[in-house]
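Below is one structure, written out as structure tokens; comments come after it.
Every number in this text was worked out from the coordinates using simple rules, so none of it is lab data. Nothing here was measured: the structure is a model prediction, and the numbers come from that model. Using ideal geometry, Cβ is built from the backbone for each residue, glycine included, and neighbour counts are taken over all protein chains shown.
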Amino acid sequence: LIHRHERTVQQQKAAHERQLSKQAMLVCNPTNDLEGAVKECDDLQTLLESSNTAVTRLTGQDQATKASVMNLLDERDGLEEKQGLDWLHFACHGGFDESNFYSSALLMAGKEKLTFLDLLSQQLRPLRLVVLSACETGVGMSSNSSLGNEYTGLPYPFLGGGAQGVIS
């Protein structure tokens, strides 16, 4: 009985520590042509770090690749440092494709597109907040497809993946 109690206390302590541990990922200016995005991420990083939030920052052509973003978002990876990730911020180009909303995308390094379909087809880790600071990320359309009859746009895959909120 004492052993079981100690294990329960240890589990509660670990859960409490995970709640206190806040982590954010910033995807900044993957195409190296948005000076305002760099300033936005600089200011946001300063604010987050002042509130004891650990920040992982992917900036520019070398770091902000489609593969690196998808790797950090994939819940199947199970890396311990990803367990507390709760805020994702994109400061990049974006585009909504009216003819095929599945092709709507955020533009990553090397002009690779991180599309609606890419995000929808992954098992995304649940996040508390996703911020899409990119053109046309708030644009959407009413959909009558396999997703159901609802409004679809770039926020949808994040919400469907378990994000508690999306600002676009």
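Computed from phi, the 3J(HN,Hα) profile of region 152-168 under the Karplus parametrisation 6.51, -1.76, 1.60 (θ = phi - 60°) reads 10, x, 4, x, 4, x, 5, 5, x, x, x, 4, 6, x, 9, 10, 9 Hz, with x in place of Gly and Pro. Annotation: peptides 24-34, 99-109, ranked by per-residue average of other Cβ atoms within 10 Å with the highest first, follow the order 24-34, 99-109. Amide H to amide H, with H built 1.01 Å from N, Arg57 comes under 5 Å of Leu26, counting only residues 5 or more places away or on other chains. For Val130, the residues whose modelled amide H falls within less than 5 Å of its own, excluding neighbours fewer than 5 places apart on the same chain, are Leu88, Gly165, Val166, Ile167. Taking amide H as placed 1.01 Å from N in the peptide plane, Gly138 has no amide H partner under 5 Å among residues 5 or more places away or on another chain.
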